[in-house]
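Asker: The structure's right below; bear with me while I get my questions together.
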Amino acid sequence: MTVVTVVYGIETCDQVRKARNWLRAQNVPFRFHDFRTDGLAQALLERWMGHLPWDALVNRRSTSWRQIDASRRASIVDQTTAIDLLLANPTLVRRPVLESGDRILIGFSEPTYRALFVAPQTPVPPPPTSS
């Protein structure tokens, strides 16, 4: 069975760009899902939140977050309110989200991607020496 890897994010995000470039460099096949052009579905958010805490998906450090009214930001207290917010503002999803098989990763970290996609190199034993 082939594992499908999908990178979710937006085209202009630097971290998404880094993740996509790294996957290409490692010859990892993947599909890119752009929130702006491909949308964001409630079922997808619910699936992610089944594996990760809801607040891990909300990018509270973004410009988009700061532009939201303070009372609206304060009302994001659980999975339901987070889903409503992210559906209304997909750019608030922390990026990239990588889904590969049953693994879901948020953000780009080369060591984490390497652990998921690159088989460890087994050391080659030195040739026997003759005495």
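Asker: Go ahead and run the numbers for FRET between V77 and F32, Cβ-Cβ distance against an R0 of 30 Å, rounding to 0.05.
Answerer: That gives a FRET efficiency of 0.40.
Asker: Here's a follow-up. At what distance in nm do the modelled label points of T112 and D14 sit from each other, each positioned 7 Å from its Cα along Cα→Cβ?
Answerer: 1.8 nm
Asker: Output wanted: per-residue J couplings in Hz (rounded whole) for region 19-27, from phi through Karplus 6.51 cos²θ - 1.76 cosθ + 1.60, θ = phi - 60°, x for Gly and Pro.
Answerer: 4, 5, 5, 5, 4, 4, 4, 8, 6
Bear in mind these aren't lab numbers, they're just calculated from the coordinates by the rules spelled out. This structure is a prediction, so every number in the text was calculated from the model and none was measured. No Cβ is skipped: glycine too gets one built from the backbone with ideal geometry, and neighbour counts run over all protein chains shown.
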